[in-house]
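Visitor: If you scroll down you'll find the structure; I have some questions about it.
Nothing in this text is a laboratory measurement; each read-out follows from the coordinates by a stated rule. Since we're looking at a predicted model, the values are computed, not measured. Here the Cβ is made from the backbone with ideal geometry for all residues, glycine too, and neighbour counts use every protein chain on show.
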Amino acid sequence: MTRPPFGIYVHVPFCASRCGYCDFNTYTASELAGSGSSPDTWLEAVRRELVRAREVVGERPVDTVFVGGGTPSLIGAERLGAVLGTIRDEFGLAPGAEVTTESNPESTSPEFFAGLVEAGYTRVSLGMQSAAPHVLRVLERRHTPGRAVEAAREAAAAGIGHVNLDLIYATPGETTDDLRRSVEAVLEAGVDHVSAYSLIVEDGTAMARKVARGELPAPDDDVAAERYELIDDLLTAAGLHWYEVSNWARSAEAECRHNLGYWLDGDWWGIGPGAHSHLAGRRWWNVKHPARYAAADNPEADHEILTPQEQHTERVMMRLRLATGLDLALLDDAARAEATRAVGEGLLERHQDRMVLTRRGRLLADRVVQDLLLASDRTPA
Ligand SMILES: C[S@@+](CC[C@H](N)C(=O)[O-])C[C@H]1O[C@@H](n2cnc3c(N)ncnc32)[C@H](O)[C@@H]1O
Ligand code: SF4
């Protein structure tokens, strides 16, 4: 029997400054001052957790590694290399393993990418967000518009095989032309992967406070839908295909295998402060603060065992967002009838034994998922 793929996620909880829209588990140097935590105490604790993970998991080569944040590039290629070195020593990498790190354009350089290649990184994901200076200002991003494209080129020139650029669209003040120019800049950068997310105003962020005070309009859903269509049109015309609602790739090899592991019930161990893990139906998550994380022998904060019903809900939610679609065998009669209704509405398409979102369905993916799940709930078992 072949095992499901096994991934390791490593969370780097440091940022130079906090972008107004971001609610990720990340800290600036001034927020950590006096807590005793630093990139070096983090690295030591990450190595300790990797040793513990190896003891729990046993022998299992790693298929994918994803170092995310926060801002991994802020800690430098040497520490990122040390993390990968420990993963190699403890677990070993499977042949052809995908090894990604996220990076912020302003903390990268040709030397940084050369260091990543030397350490064995195969993929870099850069947060570009927009090519429009006024949009970057609303998002409170630090880099200049041209830097992300330049960084993507530097990464490829250094020998990083796969490069992604992240875009955020429908930021208040962004025009259709701003977005068009952003996508054109992404295409000029020659990357083989693009992620594009509609701006979410997360509770508790500086941006949410600005919206509440009336200083910034909330993003508009209709505008977001139009912008999504524009992104999809431009990327498709340039030869990229969607493989998840918010992700496009130039070829099957360019798809992010690590994220596909999350979406297809793979196993992964999340290392670092606040990281989440999933192994064979058990999910757990670590303490969030870097100082508590570094001080803990076992950083697990809590865990849950998913019920079969919860596992089903997640499977439907995640598989339906993929271009490979949802296997009809996963649905009961009521949900299949609902899927047939959604086909009539132009939201789903039947591809043999699978249901796949149409483009209109991609815009309403959450509603399609909810209707499928509610249809089963309404039917007495
Ligand atoms: C959390 S960041 C971490 C990587 C890196 N620090 C960066 O900013 O690119 C990963 C990506 O999540 C997306 N993101 C974060 N918060 C978001 C929000 N509130 N709405 C939409 N996208 C968001 C951004 O596109 C960002 O590139
Ligand atoms: S750089 Fe990335 S992780 Fe850091 S605050 Fe900004 S969006 Fe969040």
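Visitor: Taking the beta-carbon count within 10 Å as an exposure proxy, list ILE200, ILE271 from fewest neighbours to most.
Guide: Details: ILE200 15, ILE271 27.
Least crowded to most crowded, the residues run ILE200, ILE271.
Visitor: Hey, got the dipole for region 10-113? About the Cα centre, +1 on K and R Cβ, -1 on D and E Cβ, debye to the nearest 20?
Guide: Charge dipole of region 10-113: 160 debye, to the nearest 20.
Visitor: With only Lys, Arg, Asp and Glu charged, each at its Cβ (+1 for the first two, -1 for the last two), find how big the charge dipole of region 226-331 is about the Cα centre; round to the nearest 20 debye.
Guide: So the dipole magnitude of region 226-331 works out to roughly 200 debye.
Visitor: Something else about it: Can you put CYS256, CYS22 in order, fewest other beta carbons within 10 Å first?
Guide: Values: CYS256 23, CYS22 17.
Neighbour counts put them in this order, fewest first: CYS22, CYS256.
Visitor: Enter the Cα centre distance for the pair region 90-159 and region 300-378, rounded to the nearest angstrom.
Guide: Centre-to-centre distance over Cα atoms comes out at 34 Å.
Visitor: Okay, moving on. Which of rounded, prolate or oblate describes region 87-184 when judged by the alpha-carbon gyration tensor and an a/c cut-off of 1.5?
Guide: prolate
Visitor: Further question on the same structure: Using modelled backbone amide H atoms (1.01 Å from N, in-plane), which distant-in-sequence or interchain residues come within less than 5 Å of SER37's amide H?
Guide: Under 5 Å from the amide H of SER37: no residue qualifies.
Visitor: Then there is this: Quick check on packing: order 244-253, 326-335, 68-77 by the mean number of other C-beta atoms within 10 Å, highest mean leading.
Guide: Result, highest mean first: 68-77, 244-253, 326-335.
Visitor: Can you tell me the relative contact order of region 326-381? Whole percent, Cα pairs under 8 Å, sequence separation 6 or more. The partial results should precede the final answer.
Guide: Numbers: 54 pairs, mean separation 21.2, N = 56.
Relative contact order of region 326-381: 38 percent.
Visitor: Classify region 235-295: rounded, prolate or oblate, from the alpha-carbon gyration tensor (a ≥ b ≥ c, eigenvalue square roots; a/c under 1.5 rounded; otherwise prolate if a/b is larger than b/c)?
Guide: Working: a/c = 3.93, a/b = 2.26, b/c = 1.74.
It is prolate, given that a/c is not under 1.5 and a/b is the larger ratio.
Visitor: Put +1 on the Cβ of every Lys and Arg and -1 on every Asp and Glu Cβ in region 6-262; which of PRO105, PHE91, LEU216 then has its Cα farthest towards the positive end of the dipole?
Guide: Value: PHE91.
Visitor: Per the helix-only calculation at 222 nm, which mean residue ellipticity applies to the chain, given -39500 (n - 2.57) for every DSSP H run of n ≥ 4 and division by its residues, nearest 500 deg cm²/dmol?
Guide: -13000 deg cm²/dmol
Visitor: Also, I was wondering about something else. Return the whole-Å distance between the Cα centroid of region 203-226 and the Cα centroid of region 1-60.
Guide: One Cα centre to the other: 30 Å.
Visitor: Any idea what the dipole of the chain comes to, in debye rounded to 20, about its Cα centre with Lys/Arg Cβ at +1 and Asp/Glu Cβ at -1?
Guide: Value, rounded to 20: 200 debye.
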